[in-house]
Every structure is written in structure tokens, then in C-alpha cells.
Amino acid sequence: MATISPELTDLPEQRVIGVQVEAPFDELRHRVPMAWQALLGRAAELPDAGATGFVEASQHLGGGRYRETVGVLAGADTRVPAGMTAVVLPAGRWARLVHDGPLAQVADGFGRLHEWCTGQGLTAGDLKLDTGYTADGGGPHLLHVDVPG
């Protein structure tokens, strides 16, 4: 597995349009794949995934609950298809890492980002963004964790 070392970057506001799931952590492993299936079944209704591919945005809501949005990055003026939602990730500083390995190891990449932040004296926030999904699951992923303040 090839990975590029973590680094800090500034990102503009990001808007994700897609299918959203809110659930306790232990339910995500069942509910998120269903959200992906629903999204891919309606992919023709979404803007072109372009260079970023499909994405997954995650927010830890506290109390063991998470909000996961699977979809595409889109501009502020992009229409949201019926039954889908839009979530806005604020502009700011993010830690990022390129993960070019098995999809099952993406979570390890996020863990590595959190460890890197701690080692740099930074606090990782509650937001994550994973870009690079394809309909067949292949390709490298660009993983981001927000670094508030």
C-alpha cells in the first residue's frame, strides 16, 4: 500500500450533495453501504463526480452518533435532487493524506491522520472528508480531517 505523508492544507468551503445517514457508530457499518447503494442507483441525477470522484463526508455529532453523507462535491447553486440532501463543510485548515490501498484500510488512514495531528500538537476536529470513490470502488483516496482553530 502506498501512502503519502500527512500534511496540512487549507480548503475552501466544500458542499456535498447526496444520501445522508445519521446513526450510532455501531450501526454505520450496515447503514452506510445501504446509502452508497441508494446513491449509486441514482447517480444519473447528480452532477458529474469529475476529478474528485464520489465522496463521503462525516461528522461526529457527540454521544457516539455520526452523520455520514455520501455523494459528490457540488457548487452552491447546484440543485439537490428530491430525497437527497446537501451538507456544507466550512472553509478552513485540514490535515490530509493520500491513501492508495485497499478500501477496507481507509479507516486506518484516518487513524493515521489523527495520530499525526496529535504528534504535531494539533487537535483533529469532528469532520472528515474522503474523496476518490468510484462506482467500482477502485482508485486512490484523498483523506481529510479538519483542524479547528
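The table for this structure:
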read-out	value
Helix axis angle, 106-119 relative to the chain longest principal axis, alpha carbon, degrees	40
Total formal charge among the other residues, if their Cβ is under 9 angstrom from that of VAL21, Lys/Arg +1 and Asp/Glu -1	-1
At R0 = 25 Å, FRET efficiency that the Cβ-Cβ distance of ARG79 and THR52 yields, to 0.05	0.85
Angle in degrees between helix 25-41 and the longest Cα principal axis of the chain, rounded to the nearest 10	50
Summed side-chain charge close to ASP126 - residues other than ASP126 whose Cβ falls under 12 Å, Lys, Arg +1, Asp, Glu -1	+2
Sequence-distant residues sharing a close amide H with GLY125 (under 5 Å, placed H)	ASP146, VAL147
Selected from ARG29, ARG96, ARG112 as most flexible by GNM, with the chain as the system and alpha-carbon contacts under 10 Å	ARG29
Rg in Å to one decimal, and Dmax rounded to a whole Å, for the chain via C-alpha atoms	14.7, 43
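Coordinate-derived values only; no laboratory data. In this text the structure is predicted, and so the values were computed from the model without any measurement. Neighbour counts are summed over all protein chains in view; Cβ atoms, including those assigned to glycine, are modelled from backbone coordinates with ideal geometry.
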